[in-house]
């Protein structure tokens, strides 16, 4: 599956179900810590430099951003979790917004959870994975920043992530680098399986 960069666009930033777009396409949600590289991941898949803006302030996205990926599927960028400076009220609003989307959204086909391959998954990473499994959602775990680890240690780091989150046998885990698009074909294949 190839994405034409010219046919990628942000459709809407939605705060609730009344604003969700009706595109007739399957949706793939993107979840991850605020600084895990979600915007870079979206840009890498889109083949565009700045379709998703990378922010120097983690935790900036407070709404769901819907991206039309060449009329093949919709990426839904979910606000990053685990950002300490958010107020308790904001965190609760965030939780309700995410839960409403994950629990009730019909076109949602799978969730890509991004985890930083350099570090052991955080408590928030583990909670989020369990949260997704609670809703019986298929998860593609994409381990970002693979380029920052020596090749000989990638498998060791993947094993740590797999064991920490207790990866379900039905889920996929892929190491990835937005810098050199390492494993991009595997990621596109994993997405393709869920949207067809």
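The values are calculated or read from the model by the stated rules, or taken from the named source; none is laboratory data. This structure is a prediction, so every number in the text was calculated from the model and none was measured. Positions of Cβ are backbone-derived with ideal geometry, glycine not excepted, and every protein chain shown enters the neighbour counts.
One table, with the values for the structure above:
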{"item": "Subset of region 168-179 [more than 16 Å from residue 45 (Cβ to Cβ) and surrounded by fewer than 17 Cβ atoms within 10 Å (Cβ to Cβ)]", "result": "168, 169, 170"}
{"item": "One residue from 161, 142 being buried (at least 19 other Cβ atoms within 10 Å of the Cβ), touching a residue at least 40 places away in the same chain (Cβ under 8 Å) and over 20 Å from residue 65 (Cβ atoms)", "result": "161"}
{"item": "Qualifying residues in region 16-25 (those that are loosely packed, with under 13 Cβ neighbours inside 10 Å and under 12 Å from residue 65 (Cα atoms)) - the one modelled with the lowest pLDDT", "result": "16"}
{"item": "Among (1) at pLDDT below 95; (2) touching a helix residue (DSSP H, G or I) at 6+ places or on another chain (Cβ under 8 Å); (3) surrounded by fewer than 16 Cβ atoms within 10 Å (Cβ to Cβ); (4) at negative phi, the one test that residue 182 misses", "result": "(3)"}
